[in-house]
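For reference, the structure discussed in these notes is given below.
The values are calculated or read from the model by the stated rules, or taken from the named source; none is laboratory data. Fair warning: this is a prediction, and the values are worked out from it, not measured in the lab. Methodologically, a virtual Cβ is constructed for each residue, glycine included, from the backbone with ideal geometry; neighbour enumeration extends over all protein chains shown. Keep in mind that these areas ignore ligands, DNA and RNA; they rest on the heavy atoms of the full protein, side chains included. Shrake-Rupley method; radii C 1.70, N 1.55, O 1.52, S 1.80 Å.
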Amino acid sequence: MKVLVIGSGGREHALVWKIAQGKSVEKVYCIPGNAGISRIADRPFGLPLDDFKAIADFVRKEKIGLTVVGPEAPLVKGMADFFRKEGLAIFGPGKEPSRLEGSKVFAKIMMEEYGVPTAPFEIFKESKPASDYIKKKGAPIVVKADGLAAGKGAIVCKTEDEAIDSVRRILDEKIFGDAGARVVIEECLPGEEISMLALVDRDTCVPLISSQDHKRIFDDDKGPNTGGMGAYSPVPLLTEELDLDRKIREEVFGRMMRGFKKEGISFNGILYAGIMVSGGVPYVLEFNVRFGDPETQAILPLLDTDLAQVLLACANNQLNKIKLKWKKGTCVCVVAASGGYPNAYEKEKEIKGLDAAAKRKDVVIFHAGTALKDGKVVTAGGRVLGVTAIGRDITDARSKAYETVKDISFDGMQFRRDIGVKALKY
Ligand code: AMP
Ligand code: GLY
């Protein structure tokens, strides 16, 4: 089978890399891809991501058997609906179910309706009642813009004043435009955050192994939020004692599946639950409708099953026939980012040491923001590489990943030194 992957980040490199290993896979394409993806996939030019018709025509012409969508933007715009209408197999939910990621209000209402554990909340369109609610509840409290706001829409406020100011900026000053037409205000939950991703089709839900992202730019979770500075998998917090695996399967995914059935929502793809484990309860902070980045880079190297067959089975509503096999051990992905990220940063810095890094055992370097310039690999984005290693345990995986980070350099390179350290304390 031939497979097309849509996207250009580290997540898509990991998807292409894993898909290409499958026995069932003859060739992989990626639109638009990056410098690392170029080595294992064809990157057809002149096909803009928002031209679904042109991409569908290409898929038919090349006899591509499955299209896999990485990022949320094409899903929210209806790419999967378009492909399904054209009779083409695609992995990823349609526009309507993608609202679970595109609208926090929609996600919260679904969770409340179907009994999925989530922080107590209220929804507001106007700043006066929202401010009154904040004063009644007190701080800390979390203010969230309803729509997609480039990862900046959720504000954890330490004081009432900060929360009231956030509401004013979102609802009155419209700092996020239409994405901030409504806000969700919710209780601030203490605890440990984990990511649980599940494959979902019409009848079946298959959770993947657990992972943990590191969202802040600096060590010890300091500094501003980023797209994710590293991840590891699995998370040892999911012990038998806490019974979290079962709780997440039944109370999060099971209840959402019931909700989909009841509401007539046909969800097909990855349902990603961002979870705060607080007092042994898995509270859902948010849903995404796609693979996580960088969680995917830490999850897929542990998968021992032909990924293309799994994703095709999901696209064809045959997940019930799939049993996933996982390797033993732990995988760690350390993100190397451009200096200045998540604020302004420079591009086109030459990346050195990739060949030395590639020779190491149990290591894979996933490219994110990279490009080819005059035959050299240069930086082209905020998150540049995901230096990924498998080890016997977290200590072994961390040591392999960080040894490899030492091979690599580019002007301004920054990375967190504590990816996976939390796993040692659970
Ligand atoms: P979200 O976009 O909803 O996942 O929120 C972004 C980040 O804000 C999360 O990864 C958490 O670190 C934090 N956060 C969101 N909601 C809450 C909450 N109710 N309590 C504590 N932290 C939260
Ligand atoms: N790692 C966070 C995300 O993919 O949204």
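What to note about this one:
- The listed residue being surrounded by 16 or more Cβ atoms within 10 Å (Cβ to Cβ), within 24 Å of the chain's Cα centre (by Cα) and closer than 22 Å to ASP293 by Cα, out of ASP393, ASP362: ASP362
- Residues that are within 8 Å of ligand 1 (Cβ to nearest atom) and in contact with a Pro (Cβ under 7 Å, 6 or more places away or on another chain) within the stretch 274-288 comprise just one, TYR283.
- Filtered residues of the stretch 187-199 (kept if within 12 Å of ligand 2 (Cβ to nearest atom) and open to solvent by 30 Å² or more (accessible area, probe 1.4 Å)): GLU193
- Conditions (1) within 30 Å of LEU307 (Cα to Cα); (2) of a type in the set (Lys, Arg); (3) within 12 Å of ligand 1 (Cβ to nearest atom); number of the one not met by ARG202: (3)
- For beta carbons closer than 6 Å, sequence separation of 6+ or different chains, a first residue in the stretch 213-242 that is over 15 Å from ARG398 (Cα atoms) and a second that is within 14 Å of ligand 1 (Cβ to nearest atom) and hydrophobic (A, V, I, L, M, F, W, C), the qualifying pairs are GLY223/ILE217; PRO224/ILE217; THR226/ILE217.
- Of all residues assigned to the stretch 29-36, at least one qualifies as being within 28 Å of LYS85 (Cβ to Cβ), assigned to a strand (DSSP E or B), hydrophobic (A, V, I, L, M, F, W, C) and touching a Leu at 6+ places or on another chain (Cβ under 9 Å).
Per-residue answers, yes or no, for (1) at pLDDT 95 or above; (2) within 16 Å of ligand 1 (Cβ to nearest atom); (3) closer than 20 Å to VAL277 by Cβ:
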position	(1), (2), (3)
VAL184	yes, yes, no
GLN212	yes, yes, yes
GLU240	no, no, yes
GLU250	yes, no, yes
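- Taking the stretch 60-169 as the region of interest, the strands (runs of 3 or more DSSP E) fully inside it that hold 1 or more residues being of a type outside the set (A, V, I, L, M) and within 12 Å of ligand 1 (Cβ to nearest atom) are 121-124, 141-145, 154-157.
- For ILE134, the criteria (1) open to solvent by less than 30 Å² (accessible area, probe 1.4 Å); (2) within 19 Å of the chain's Cα centre (by Cα); (3) closer than 17 Å to CYS157 by Cβ hold in every case but one, which is (2).
- Residues considered: VAL3, VAL25. Of these, the only one that is more than 16 Å from ligand 2 (Cβ to nearest atom), open to solvent by less than 10 Å² (accessible area, probe 1.4 Å) and either in contact with a helix residue (DSSP H, G or I) (Cβ under 7 Å, 6 or more places away or on another chain) or assigned to a loop (DSSP other than H, G, I, E, B) (or both) is VAL3.
- For the stretch 232-250, residues that are buried (at least 19 other Cβ atoms within 10 Å of the Cβ) and either among the acidic types (Asp, Glu) or under 22 Å from ALA107 (Cβ atoms) (or both) total 2.
For every residue, the table says whether it meets (1) among the charged types (D, E, K, R); (2) surrounded by 16 or more Cβ atoms within 10 Å (Cβ to Cβ); (3) modelled with pLDDT under 95.
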| site | (1), (2), (3) |
| --- | --- |
| PRO32 | no, no, no |
| GLY36 | no, yes, no |
| PHE45 | no, no, yes |
| ASP50 | yes, no, yes |
| LEU66 | no, yes, no |
| LEU75 | no, yes, no |
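- When residues in the stretch 200-220 are screened for being open to solvent by less than 40 Å² (accessible area, probe 1.4 Å) and at positive phi, 0 of them pass.
- Test: residue in the stretch 164-177 that is of a type in the set (Gly, Ala, Ser) and in contact (Cβ under 8 Å) with a residue 24 or more places away in the chain: no
- For beta carbons closer than 7 Å, sequence separation of 6+ or different chains, a first residue in the stretch 249-278 that is over 15 Å from ASP201 (Cα atoms) and a second that is open to solvent by 40 Å² or more (accessible area, probe 1.4 Å) and within 16 Å of ligand 2 (Cβ to nearest atom), the qualifying pairs are GLY274/GLU193; GLY274/GLU286; ILE275/GLU193; MET276/GLU193; VAL277/GLU192.
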